[in-house]
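Laboratory data are not the source of any read-out in this text; all were calculated from the coordinates shown. Here the structure is a predicted model, which is why all the values come from computation and not from measurement. All Cβ positions, glycine included, derive from the backbone under ideal geometry; neighbour counts span all protein chains shown.
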Amino acid sequence: MRKGIILVLMLILPLSSLAAETLRFKYVKDEKYRLITEVNEEVYVNGVRSHQANILNKVAVDTLAVRNETGLLSATFLTSERSYGVQTSFSLTEEYESLFWRDEVGHYDIGEAYFMPVVRHVPTFPDEEVTPGSSWSAPGEEAHDLRRSFAIDRPVRFPMTVHYTYVGSEMREGKTLEVISIRYEVQHKTAGLISRRAQVPVLIEGRSEQTYYLDNQMGKPHSYSEEFDFVFYLSDGQTVEYIGTAEGLFLESAELDREQVAEDIARQLEERGVEDTTVVAEEEGVTLNLQNIQFEANSAALRESERAKLRQIGEILGEYPDRDILITGHTARVPGYTEDDHQRLSEQRALAVADYLLSLGSLRAIQVTTRGMGHREPLSDNDTEQGRRQNRRVEITILEN
């Protein structure tokens with residue numbers, strides 16, 4: 001019996017030792033990666049359900065420098081939205097640029113003017129090793145963009161105390177991932193908010209519960225899931241509540257050989273006989289410019305000739321399943337139409353192209369974001385028919401990151 005006990009101890013002790021982890025982020029200069037987060041939320045006004053939304057956040061991150069185990073990160077945030085349950089592409093609502101330092105345990109050094117990221121200093125890792133069941137707490141911060149909702153022109157920032165528990169290791173897709181439970185509650189009274197509108201938030205309450213997966217060997221996040229419930233109490237006595245779930249996935253970004261991709265696509269377009277479409281490699285990625293794209297008069301309904309063209313283009317885009325796609329609509333300036341008319345039409349036309357490509361199975365909805373630019377970016381003179389043909393276009397960009 002005694003030898004058996006000793007043998008059991010010999011087997012257990014090395015496993016306990018292996019279970020101890022020092023959790024850290026690691027940074028490599030010029031490394032790029034992406035985060036894709038999909039949020040499903042219900043919105044209640046004064047306790048009555050207002051609407052449900054499906055929000056897609058795409059974050060492209062570039063590590064500009066590394067200093068003392070701390071990374072200088074440049075990030076572009078694309079926030080898009082669609083009605084919940086509608087299987088269409090996502091329409092761009094906001095685009096943000098951000099620049100910040102983050103150290104190996106997760107602390108941020110970020111300027112006051114930046115709206116993104118919303119959640120900061122989460123996760124924050126402890127200095128010491130952890131074993132399954134280890135718990136710790138650390139300060140965190142949220143920063144909310146309330147410009148559209150309440151016309152508040154600076155980030156509304158508030159602190160919270162975040163509680164962590166190290167759950168242990170889990171195998172996923174051949175990787176060993178460290179699993180961390182994260183939860184926090186918020187109760188923050190705002191002060192000094194200035195708005196052109198009558199109402200502003202005076203109290204923010206809520207909670208967040210997350211499960212976070214870390215690839216500790218690489219020092220990179222892997223994924224996370226979240227449940228949240230936040231209530232904004234307004235100065236006029238009304239309440240707005242957001243209840244929902246979120247799923248996030250971190251992806252490494254392989255470098256896009258933009259010149260080669262542009263060359264390959266141009267060759268395929270020529271071989272397929274696709275007209276009025278040019279390809280250019282640019283900083284954002286590789287853009288297909290569909291000039292003089294034909295819609296029914298003053299509408300976003302595609303003509304059959306354009307559907308045939310898009311079927312060809314869809315087959316080409318299907319060769320890039322791991323890339324995000326941005327579809328941008330442009331209009332030619334026409335007298336008698338307002339700026340809003342042009343903007344709305346350009347958005348509708350970008351959406352029409354995206355939805356047709358989705359209907360072909362060429363792309364997945366989570367890949368695609370659409371936006372409209374109205375007539376603000378003409379390629380040629382709107383006073384000539386040839387110029388209007390060039391300006392009336394849809395651009396499809398295979399994004400670099």
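Structure data summary
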item: Cα centre as origin, Lys/Arg/Asp/Glu Cβ charges: the chain dipole, Debye; result: 660 debye
item: Per-q log10 I(q)/I(0), segment 258-399, q = 0.15 Å⁻¹ (Debye; single scatterer per alpha-carbon; no solvent); result: -0.70
item: Proxy reagent accessibility, fewest Cβ within 10 Å first, across 282, 42; result: 282, 42
item: Residues 366, 243, sorted so that the one with the fewest Cβ neighbours within 10 Å comes first; result: 366, 243
item: Among 306, 31, 296: highest mean-square fluctuation, GNM of the chain, C-alpha pairs under 10 Å; result: 296
item: Cα-Cα pairs of the chain separated by more than 32 Å (percent); result: 46 percent
item: Whole-number percent relative contact order across the chain, with pairs defined as alpha carbons under 8 Å at least 6 apart; result: 14 percent
item: Fluctuation leader among 347, 69, 41 - the chain, Gaussian network, Cα springs under 10 angstrom; result: 69
item: Loop GluC sites (Glu not before Pro), segment 141-198, which have at most 14 other Cβ atoms in a 10 Å radius of their Cβ (DSSP); result: 173
item: With Cα atoms, 0 to 90° folded angle of helix 258-272 axis to the chain main axis; result: 40 degrees
item: Order of 171, 373 - criterion: other Cβ atoms within 10 Å of each residue's Cβ, fewest first; result: 171, 373
item: Translational D in µm²/s for segment 20-252 (Stokes-Einstein at 10 °C, 1.306 mPa s, Kirkwood Rh from C-alpha pairs); result: 84 µm²/s
item: GNM flexibility winner over the chain from 329, 219, 140 (Cα, springs under 10 Å); result: 219
item: Helix 2-19 vs. the chain, principal-axis angle (Cα, 0 to 90°, nearest 10); result: 40 degrees
item: Contour excess over end-to-end distance, with Cα ends at residue 292 and residue 199 and 0.36 nm allotted per residue; result: 28.9 nm
item: Against the rule of thumb 2.2 N^0.38 Å, how large the Cα Rg of segment 45-123 comes out; result: 1.40
